[in-house]
Every structure is written in structure tokens, then in C-alpha cells.
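Working notes for the structure below.
The values are calculated or read from the model by the stated rules, or taken from the named source; none is laboratory data. Here the structure is a predicted model, which means the values were calculated and not measured. No Cβ is skipped: glycine too gets one built from the backbone with ideal geometry, and neighbour counts run over all protein chains shown.
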Amino acid sequence: VQSRTDGSRAHILALANQKGGVGKTTTAINLAAGLAELGNKVLLVDIDPQGNSSTGLGIRPEKRKKTSYDLIVDGADLQDVVLPTGLPDVFIIPANADLSSADLDIMANEKRSFLLHDALHQPAMDDYRFDYILIDCPPSLSLMTVNAMVACDSVLVPLQCEFFALEGLSQLMLTIRDVRRSANPALRIEGVVLTMHDVRNRLTAQVEADARSNMGDLVMKTTIPRNVRISEAPSHAMPVLTYDPSSKGAIAYRALAREIADRRKTPAMSEA
Ligand code: ADP
Ligand code: MG
């Protein structure tokens, strides 16, 4: 993924947390839309067999003739898997249930952790000139999530503001450490983004205080509010940014996109 006009390549960002229902897919879809609004060309790679980000961006099952499974397991051509979405600058490599057997299907391959990396770093990727590639991970620390961590530059961790929210993080951090040691020494933690944040809820305030005191600058400034428009948008096959552009959810995801994009202009970020 080399040679953008300014000489840089796409920034690859994985959305990961082994807990389900924490906002990985919602953040992937809306961050893609938000980064596109800022003038970026964005590819979302869906590697969850549930295919929720594909559905949420309007890619109906019958349109998923070739998917991330074909890219990762069978080395399918990018031109057969990269699909346009309803948003002009947002493209997707969709997923479906084929992917549920992927871990087993690649287990015997000695490059099994590098298959997504190699697919996304192939020379043919340059032609697309993506500024960002977002990877929507499944709710596990499976081989697919490891593939995402090996392929990416940084990991963004959505954290739902609820009791036990921080409990699962140590396992995730251990996996990141293992991937750094074994395959991707440059892997960074982009940050932890607090999702389903409810200012009237005491528990939210406590989770936020704990997260910020434990992880400091690693916690994104932007928090994502619990907002019904966010949860309605996928059934209209749209990001909340287009479904209800002035909703609290849309405003928050725009701010998150800005927070992340601003870092690319000013490198030197803090790291835990
Ligand atoms: P994950 O991909 O981590 O499993 P999702 O992004 O699919 O999680 O979110 C789980 C559920 O919560 C979905 O039904 C989604 O619409 C809803 N949801 C996510 N973020 C919010 C939010 N900020 N406010 C309200 N509902 C949300
Ligand atoms: Mg998901």
C-alpha cells in the first residue's frame, strides 16, 4: 500500500475487542463515514463472519459473491472483492458466514497469521489510493483478529461503559504484545474509545474515571454517547452520519474521525 500522492501509504486501523456488542462494527462504519467526510478515501474490511458492517453499509448477502474469506484464504483478486457502498469515498470488502471456517482452513498454512497482511500490502492495492483501511474484527482473539493485528498499523479498542468493561482488556493487551514480538513490532495502540456513554449514568462516570486513570492518554478524548439514532441507522443501511447527520451520535463520530485524522498530520503520539 505504498505511494499516495504525498508519498505516504494508507493507514491501516483494526477495530478490536474480543467482547461482542461493544461497538466495533458501529465504530467501523461511522469512522469510515467520518473519515470520508474529511476528504479521505476509505476501505472497510469486514472480517466478522456475522457480516454486520457489510449489512450496515447496504451490501445485501446476494451481492457478496466474493468476500474477505476469498481474499484471505484463497488469495482472490482485490478487484473481485472491493465493492462500492452508498457513500462515494467508502468501499468495502464484505464478509459472510464463509469466514466462520477460516481459522481452521488456514491452520496448516505456515503464513496463516500473515495472509491478511499480504493481501492488503500487495502492489495492486496502490491503485486504489486509500487513505485509511479499517478492519472490523470478530468478537474473539481468533486467528482472524491476529491477522488484523499483523496487518494493521494501529488498533482502536471500543470499550462499552459498563461494569467489567476493563476486565477483558488485559487479555487483549497480551495479544497485542505477542503480535508485536512475533510479527509486527511497529504495531501501535491507536486508543480506547468509550462507547454507549451515558452522562446521566453513575456507572458510566466510574468506568470513564477508571479508564482514564489506568490508561491516561490512551483513552480517546471523544466519547460516543448512547444514542438511539446510532442503533437505528444500520436497519436503514446507512451510517448515522448520513441517517441523521445532526444527531448526537453523528456529531460524536465526526469528532472521533477528526481526532484520529489530526494525529496523522502531527505524528509523535504518546504510547503506553
Ligand atoms: P460489536 O461489533 O462490538 O459486536 P456493535 O457495533 O454491533 O458491536 O454494537 C452492538 C449493538 O449496540 C448494536 O445493536 C448497535 O446498534 C448498538 N450500539 C452500538 N453503539 C451504540 C451507541 N453508541 N448507542 C446506541 N446503540 C449502540
Ligand atoms: Mg461487530
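Taking into account only those residues within segment 34-51 that are within 16 Å of ligand 2 (Cβ to nearest atom) and under 12 Å from the mean Cα position of the chain (by Cα), which is farthest from Met144 (Cα to Cα)?
Keep residues of segment 34-51 that are within 16 Å of ligand 2 (Cβ to nearest atom), which gives 44-51.
Next, from what is left, pick out any that are under 12 Å from the mean Cα position of the chain (by Cα): 44-48.
Working: Leu44: 15, Val45: 12, Asp46: 11, Ile47: 7, Asp48: 8 Å.
Of everything passing the filter in segment 34-51, Leu44 is farthest from Met144 (Cα to Cα).
For segment 213-243, the set of residues classified as in contact with a helix residue (DSSP H, G or I) (Cβ under 6 Å, 6 or more places away or on another chain) and within 16 Å of ligand 2 (Cβ to nearest atom) consists of Ile224, Ile230, Ala233, Pro234, Pro239, Val240, listed by residue number. Of all the listed residues (Val22, Val73), the sole one being touching a Ser or Thr at 6+ places or on another chain (Cβ under 7 Å) and either outside any helix (DSSP H, G or I) or on the phi < 0 side of the Ramachandran plot (or both) is Val22.
Pairs linking a residue in segment 54-79 that is farther than 17 Å from Asp105 by Cα to a residue that is in a helix (DSSP H, G or I), with Cβ atoms under 7 Å and 6 or more positions apart or on different chains, are Thr55/Pro234; Gly56/Thr25; Gly56/Ile29; Gly56/Pro234; Leu57/Ile29; Arg64/Ser54; Leu78/Ala124; Leu78/Met125. Could you please let me know if Leu172 is assigned to a helix (DSSP H, G or I), buried (at least 17 other Cβ atoms within 10 Å of the Cβ) and more than 13 Å from the chain's Cα centre (by Cα)? Against the criterion (assigned to a helix (DSSP H, G or I), buried (at least 17 other Cβ atoms within 10 Å of the Cβ) and more than 13 Å from the chain's Cα centre (by Cα)), Leu172 qualifies.
In the set (1) within 16 Å of ligand 1 (Cβ to nearest atom); (2) out of contact with any Cys (no Cβ under 7 Å at 6 or more places or on another chain), Ile47 fails one condition alone, (2). Within the option set Ile106, Ile135, being under 12 Å from Val73 (Cα atoms) and out of contact with any Ser or Thr (no Cβ under 7 Å at 6 or more places or on another chain) holds for one residue only, Ile106. Restricting segment 245-270 to residues that are in contact with a helix residue (DSSP H, G or I) (Cβ under 8 Å, 6 or more places away or on another chain) and at pLDDT below 95, the residue that is surrounded by the most Cβ atoms within 10 Å (Cβ to Cβ) is Met269.
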